[in-house]
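Engineer: Here it is: the structure, laid out below.
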């Protein structure tokens, strides 16, 4: 699941960076039995509005529901089978939160099919950044690495933000052994990366996909170009 999610997020972030409109929709993917939404909302409903606030992929829906006064209902507007309809749900307390019993996900409409060719025996989310860079590179002219070996690691989300992974020192050692001369590091892993045996292989901090693309292009044009360095606390320097 983590591997599939990382690939999907890589596709979304790369295509968004290239200017494609993916028409994101927030959808109900599950309704919890015995909760207020049961019988009123369904899986695949497109969430349009909660308590008068339009819903987008960045909307804090849980936060909107938490603001509903105790004992009051909240109007939720959805699109189902092409038609708009509004239901009212009264949140209940469960597990320390106020809930209506829905699980949400973001659905995107891709302009074409993207497939990441990787063995099913490999799991985890750590390759997300590199997947996104590979998709970006494939869909743009030429090679952003100028045909040279660049390595890196990091999870990635739909907004192109790069996240922490495990085993950074081992990954750096493996990349160096395989001939990489530049390694992209998630900010949260910078401290450990600095303590690795990276030799002459350069380390560059990549906070977002956009940053990673810029670092790779700068390095490919000039191996001595200034890059965003890792610092012990991962902060921008």
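Nothing in this text is a laboratory measurement; each read-out follows from the coordinates by a stated rule. This structure is a prediction, so every number in the text was calculated from the model and none was measured. Virtual Cβ from ideal backbone geometry, glycine too; neighbours counted across all protein chains shown.
Engineer: Which length gain, in nm to one decimal place, applies between residue 115 and residue 2 when the Cα-Cα distance is subtracted from 0.36 nm times their residue separation?
Structural biologist: Extra length available between residue 115 and residue 2 comes to 39.1 nm.
Engineer: Still on this structure, please answer the following. Can you compute the FRET efficiency between residue 200 and residue 93 using 1/(1 + (r/R0)^6), with r the Cβ-Cβ distance and R0 = 41 Å? Round to the nearest 0.05.
Structural biologist: With a Förster radius of 41 Å, E is 0.10.
Engineer: Place the peptides 3-9, 116-122 in order of packing, highest mean first, counting for every residue the other Cβ atoms within 10 Å and averaging per peptide.
Structural biologist: Highest-to-lowest ranking by the protection proxy: 3-9, 116-122.
Engineer: Taking the chain as a Gaussian network, where each spring joins two C-alpha atoms under 10 Å apart, which residue of 144, 130, 102 fluctuates the most?
Structural biologist: Maximum among the listed residues: 102.
Engineer: Also: Say we join alpha carbon atoms closer than 10 Å with springs in a Gaussian network model of the chain; which of 70, 57, 164 then has the biggest fluctuation?
Structural biologist: Sorting by GNM fluctuation, first place goes to 70.
Engineer: Additional query: Taking springs between alpha-carbon atoms closer than 10 angstrom, which of 93, 223, 198 fluctuates most in the Gaussian network model of the chain?
Structural biologist: Of the options given, 93 has the highest mean-square fluctuation.
Engineer: Quick one: helix 168-177 against the long Cα principal axis of the chain, what's the angle to the nearest 10°, folded into 0 to 90?
Structural biologist: 40
Engineer: May I ask you to derive the relative contact order of the chain, considering only C-alpha pairs under 8 Å and at least 6 residues apart, and to give it as an integer percent?
Structural biologist: Computed over the chain, the figure is 19 percent.
Engineer: If you line up the long axis of helix 209-221 against the longest principal axis of the chain, both from Cα atoms, how many degrees apart are they, to the nearest 10?
Structural biologist: The answer is roughly 20 degrees.
Engineer: Can I ask one more? Taking a quarter of the surface of the convex hull around the Cα atoms of the range 25-107, what do you get in nm²?
Structural biologist: Its average projected convex-hull area is 5.0 nm².
Engineer: Can you tell me which of 208-216, 167-175, 181-189 comes out highest on packing, and rank the rest after it, using the mean Cβ neighbours within 10 Å?
Structural biologist: In descending order of packing, they fall as 181-189, 208-216, 167-175.
Engineer: If you don't mind, another one. I'd like the orientation of helix 128-138 relative to the chain: the angle between its Cα long axis and the longest Cα principal axis, in ° from 0 to 90, rounded to 10.
Structural biologist: Helix 128-138 and the main axis of the chain meet at about 70 degrees.
Engineer: OK, next. Report the percentage of all Cα-Cα pairs in the chain whose separation exceeds 21 Å, rounded to a whole percent.
Structural biologist: Summing the P(r) tail past 21 Å for the chain gives 63 percent.
Engineer: Starting from the Cα-Cα distance between residue 134 and residue 23, subtract it from 0.36 nm times their residue separation and give me the gain in nm to one decimal.
Structural biologist: Additional length available on full extension: 37.7 nm.
Engineer: How high is the FRET efficiency between residue 46 and residue 214 when r is their beta carbon distance and R₀ equals 35 Å, given to the nearest 0.05?
Structural biologist: 0.50
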